[in-house]
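Structure record follows, encoded as structure tokens.
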Amino acid sequence: MKDIIIYKQLYEYLHEMVGVCPSLWEIDQTEQKIVPFYLKETYWFYFGDFFFGNEFTLIIPKHETLPKVSQLKKNMETIEDLFHRKTVLVYNTIPSYIRNRLIQKQINFIVPGRQMFMPNIRVDIKEKKYVREEKTDTLIPSAQFIILYQILQRNDTLEKYSLKDLAEKLGYSAMAVTKAVKNLVIHELCEIEGNREKYLRFNKDISELWYKALPLMTSPVLKQVYIENYPENELLFDSNTSALPEYTDMNPSKQQFFAIGKNQYYKLEKENKLKRLNQFEGKYCLEIWKYDPNLLMQNIAKEAVVDPLSLYISFTDNQDERTEMALEQIIKKYIW
């Protein structure tokens, strides 16, 4: 309960100091798993995005007595190594003599309503170019995933989820969702609304959103490999020309194609469950996808098949006239 009180004080203080509503939430389960037990026993962990896009790990001590400054510094260095972002100590009462020690040691800290010491912000902004996000030529995979989900899963609009809930729903870390949303905003595909809780707003109908995003989209396929076996107890999804019969009048090709998320693939590869893995030929062609194909196809296809729009995008460089006609069937059915 104490961390919630400090959290609210911090939010109000940052809003007042920075002039914009900061993004603050507890770190997600994926990040919690990598935190050593002794640190979990000592601190509550929050993710913060403020000061012109600077991202921080915020730690709130659980005990009445603060750790020694030397121990604090050591803990914060460990946390920075874990999350690869600056760490900030947040506490509602820090005696002045301890604050002086923290300043001497160049330790970031915030006492909501009283003092904020962030000596490295200027350096971070300069080195990491956080002042203004640069517009990329294409959407990053997580941003593309969000657009496709919004278009395909029309009965489950992402606008009803806060960014924190969105991360949990889509299986991304909070930081990954923040990065994806920034990518969408800078390409004017959505806006962000809300104060304490942030929400996406697309403000476009389905066809307008699709055609504005399409030139920025890239094939979901990271690479193709070949194997001789179907991995036991694994769910793979028909893809490429093996998926076209689900959505079009095309017949399947002789080569069988399956899509697999990159994390699932690397796990199988590490466990040596892919027989005769090679880059050239095999009974099955595995397409390793940049994002998990599972969520996007739910409630779309009866079989284990990749979603129609990712399938469409995967044929970006296709020159075959029959395939082009089949792809047009997809657009007529799922966009108009």
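Do any residues in the stretch 316-336 that are under 24 Å from Tyr149 (Cβ atoms) have Cβ atoms under 9 Å from those of residues that are surrounded by fewer than 11 Cβ atoms within 10 Å (Cβ to Cβ) and not polar (S, T, N, Q), where the two are at least six apart or on different chains, and which pairs are they?
Ala326/Asp249; Gln329/Asp249
Could you grab me the full set of residues in the stretch 215-233 that are touching a residue at least 12 places away in the same chain (Cβ under 8 Å) and within 24 Å of the chain's Cα centre (by Cα)? Step through it out loud before you land on a result.
Kept after step one, since they are touching a residue at least 12 places away in the same chain (Cβ under 8 Å), are these residues of the stretch 215-233: 216-232.
Matches in the stretch 215-233: Leu216, Met217, Thr218, Ser219, Pro220, Val221, Leu222, Lys223, Gln224.
Please find, within the stretch 27-46, the residue that is surrounded by the most Cβ atoms within 10 Å (Cβ to Cβ) out of those that are at pLDDT 90 or above and touching a helix residue (DSSP H, G or I) at 6+ places or on another chain (Cβ under 6 Å).
Filtering the stretch 27-46 for residues that are at pLDDT 90 or above and touching a helix residue (DSSP H, G or I) at 6+ places or on another chain (Cβ under 6 Å), the one surrounded by the most Cβ atoms within 10 Å (Cβ to Cβ) comes out as Trp44.
Can we say Ile107 is in contact with a Phe, Trp or Tyr (Cβ under 9 Å, 6 or more places away or on another chain), under 25 Å from Asn195 (Cα atoms) and modelled with pLDDT of 85 or more?
The answer is no for Ile107.
Could you please let me know if Glu197 is at positive phi, outside the structural domain of Pro308 (by TED's automatic domain parsing) and either out of contact with any His (no Cβ under 8 Å at 6 or more places or on another chain) or assigned to a loop (DSSP other than H, G, I, E, B) (or both)? So that I can check it myself, show each step before the final result.
Working: at positive phi: no; outside the structural domain of Pro308 (by TED's automatic domain parsing): yes; either out of contact with any His (no Cβ under 8 Å at 6 or more places or on another chain) or assigned to a loop (DSSP other than H, G, I, E, B) (or both): yes.
Against the criterion (at positive phi, outside the structural domain of Pro308 (by TED's automatic domain parsing) and either out of contact with any His (no Cβ under 8 Å at 6 or more places or on another chain) or assigned to a loop (DSSP other than H, G, I, E, B) (or both)), Glu197 does not qualify.
So which of Leu24, Leu66, Leu102 ends up being more than 22 Å from Asn195 (Cα to Cα), touching a helix residue (DSSP H, G or I) at 6+ places or on another chain (Cβ under 8 Å) and crowded, with 18+ Cβ neighbours inside 10 Å?
Checking each option against the conditions leaves just Leu102.
Restricting the search to the stretch 63-108, which residues are in contact with an Asp or Glu (Cβ under 9 Å, 6 or more places away or on another chain) and assigned to a helix (DSSP H, G or I)?
Leu82, Phe83
The values are calculated or read from the model by the stated rules, or taken from the named source; none is laboratory data. The structure presented is a predicted model; accordingly, all values stated were derived computationally and were not measured. Please note: Cβ atoms are built from the backbone with ideal geometry, for glycine as well, and neighbour counts cover all protein chains shown.
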